[in-house]
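Each remark here refers to the structure printed beneath this line.
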Amino acid sequence: MSFHSAAWSKDPQDTLRVGPDFDLSAVDPDSTPGFNGGKKAGRAELAAVSEDLSDLQERLFAAGTAGSTDSVLLVLQAMDTAGKGGIVRHVVGAVDPQGVQLASFKKPTPEELSHDFLWRIRKEVPAPGKIGVFDRSHYEDVLIGRVRSLAPAEEIERRYGAIVDFERELVDSGTRVIKVMLQISPETQKERLTERLNRPDKYWKFNPSDIDERAFWPAYQDAYQRALLRTSTADAPWFVVPANNKWYARVAVQHLLVDALSGINPQWPAATYDVEAEKLRLAASTV
C-alpha cells in the first residue's frame, strides 16, 4: 500500500531517491521535482495531507499499545538553515506529540566520546508505535567527522559499514527508516543567515560558527556525496530534497512520511473485552 496524491505528477519516492549513479552536484536546489504547482498549491497540499498523516500516526500509536513492533524513523540532515526545524514544526508538528520521539544530536559529550559513535544514537531509536525524528544524526560522524578530520580516515571508512548494519537492524526490528538530505544553495544559506542577523527574534538561531563552516562548503558537498552513495540501501534509502523553496521541502518530506506509514498500514487494535457487555454496564452506572 502506498500513498498517492494528484498534486504530484511524479512520486517523490522515485524522483528524490538516491541511486547508484546519483550526483549531488546535479541537484538544483531551486527545483520542485514532481510537484504540480507553486507555493500556494504546496501550502494547500500540506494542509490537506496533514489529516492523512495525523490519522496514520494515531493508528500507528494505537497499534503500538497492542503489541505492534512497527515504528518510523525520519532522519534529517542538511547544511545550516536548510529547514530541518521547519520540517519538524510544519510536517511532524501536525500529529499528536505523544506519538513523536524527537532527538537532536549536538557535539558529543566526553561520556559519549568514550563509547562507539552509535552508542548515543541507539538510545534514541523510536519505540514501537512512535515516529522518531533525528534532527542531525549518526551521519554527523561521517560528515563533519570527515571534513574536520575528527577521526582517522580508516575510522570514517569503518563507520559507513557500521551505519548500514545499524540501519538494517532497525528495519529488521520493524522500523521504517526515511533518510532525507535537504539541499540548499550557498547563496540561499547566506540570505537566511543574513535574515537571522537582521531580526532580533532570529538572533537565537544564529551561531558565529555557521559562517566559519561556509568556507568548507565544497568539502561538505563531497562528504555528503560519499555518505549518500555508501549508505543508501534498498531498505533504508536516502532522499535528496531540493530545499531553497521551504514549501516544497515540507510537502516532499510529508509525502515520504505518509507513504512510509501507508506502507505499514497500521490497524486499530481490536477490543480485548466484551464491547456489548461494557455498554450495558455503562448504561446501568449511576454516577
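Return the total of residues in segment 1-22 being open to solvent by 70 Å² or more (accessible area, probe 1.4 Å) and either out of contact with any helix residue (DSSP H, G or I) (no Cβ under 6 Å at 6 or more places or on another chain) or without any contact (Cβ under 8 Å) to a residue 12 or more places away in the chain (or both).
Of the residues in segment 1-22, the ones open to solvent by 70 Å² or more (accessible area, probe 1.4 Å) are 1, 4, 6, 9-10, 14, 17, 20-21.
Subset that is either out of contact with any helix residue (DSSP H, G or I) (no Cβ under 6 Å at 6 or more places or on another chain) or without any contact (Cβ under 8 Å) to a residue 12 or more places away in the chain (or both): 4, 6, 9-10, 14, 17, 20-21.
The qualifying residues number 8.
Looking only at residues of segment 136-159 that are hydrophobic (A, V, I, L, M, F, W, C) and more than 26 Å from Gly86 (Cβ to Cβ), we find that the one that is surrounded by the fewest Cβ atoms within 10 Å (Cβ to Cβ) is Ala153.
If you check Ala219 against the conditions, is it part of a helix (DSSP H, G or I) and either more than 30 Å from Pro33 (Cα to Cα) or at pLDDT 95 or above (or both)? Spell out the reasoning first.
Details: part of a helix (DSSP H, G or I): yes; either more than 30 Å from Pro33 (Cα to Cα) or at pLDDT 95 or above (or both): yes.
Judged against the criteria, Ala219 is a match.
For segment 200-234, filtering for residues that are exposed (fewer than 15 other Cβ atoms within 10 Å of the Cβ) and more than 21 Å from Met181 (Cβ to Cβ) leaves 8.
If only one of Phe22, Phe35, Phe3 is of a type in the set (Phe, Trp, Tyr) and either at pLDDT below 95 or under 18 Å from the mean Cα position of the chain (by Cα) (or both), which one is it? Let's see the steps before the verdict.
Details: Phe22 fails: either at pLDDT below 95 or under 18 Å from the mean Cα position of the chain (by Cα) (or both); Phe35 fails: either at pLDDT below 95 or under 18 Å from the mean Cα position of the chain (by Cα) (or both).
Checking each option against the conditions leaves just Phe3.
Might you let me know whether segment 190-199 holds any residue that is open to solvent by 50 Å² or more (accessible area, probe 1.4 Å), among the polar types (S, T, N, Q) and more than 30 Å from Leu261 (Cβ to Cβ)? The answer is yes; a qualifying residue exists.
Taking (1) in a helix (DSSP H, G or I); (2) among the β-branched types (Val, Ile, Thr); (3) closer than 30 Å to Asp55 by Cβ in turn, Ile156 satisfies each apart from (3). Within segment 76-92, not a single residue is surrounded by fewer than 16 Cβ atoms within 10 Å (Cβ to Cβ), among the charged types (D, E, K, R), out of contact with any Leu (no Cβ under 9 Å at 6 or more places or on another chain) and not in a helix (DSSP H, G or I). For Ser54, the criteria (1) within 30 Å of Thr194 (Cα to Cα); (2) in a helix (DSSP H, G or I); (3) among the small types (Gly, Ala, Ser); (4) in contact with a helix residue (DSSP H, G or I) (Cβ under 8 Å, 6 or more places away or on another chain) hold in every case but one, which is (1). Annotation: Val258 fulfils all but one of (1) closer than 26 Å to Arg146 by Cα; (2) touching a residue at least 60 places away in the same chain (Cβ under 8 Å); (3) under 20 Å from the mean Cα position of the chain (by Cα); the unmet one is (1). Condition first: of a type in the set (D, E, K, R), over 30 Å from Pro266 (Cα atoms), in a helix (DSSP H, G or I) and in contact with a Phe, Trp or Tyr (Cβ under 6 Å, 6 or more places away or on another chain). Can you find one or more residues in segment 195-206 that meet it? Yes, segment 195-206 has at least one match. Looking only at residues in segment 93-135 that are in a loop (DSSP other than H, G, I, E, B) and open to solvent by less than 30 Å² (accessible area, probe 1.4 Å), the one that is nearest to Gln57 (Cα to Cα) is Val95.
Tell me whether segment 145-161 contains one or more residues that are touching a strand residue (DSSP E or B) at 6+ places or on another chain (Cβ under 8 Å) and aliphatic (A, V, I, L, M). No, segment 145-161 has no match at all.
The values are calculated or read from the model by the stated rules, or taken from the named source; none is laboratory data. All of these numbers come straight from a predicted model, not from anything done at the bench. Glycine gets a Cβ as well: all are built from the backbone with ideal geometry, and neighbour counts include every protein chain shown. Accessible surface areas use protein heavy atoms only, side chains included; no ligands, DNA or RNA. Shrake-Rupley method; radii C 1.70, N 1.55, O 1.52, S 1.80 Å.
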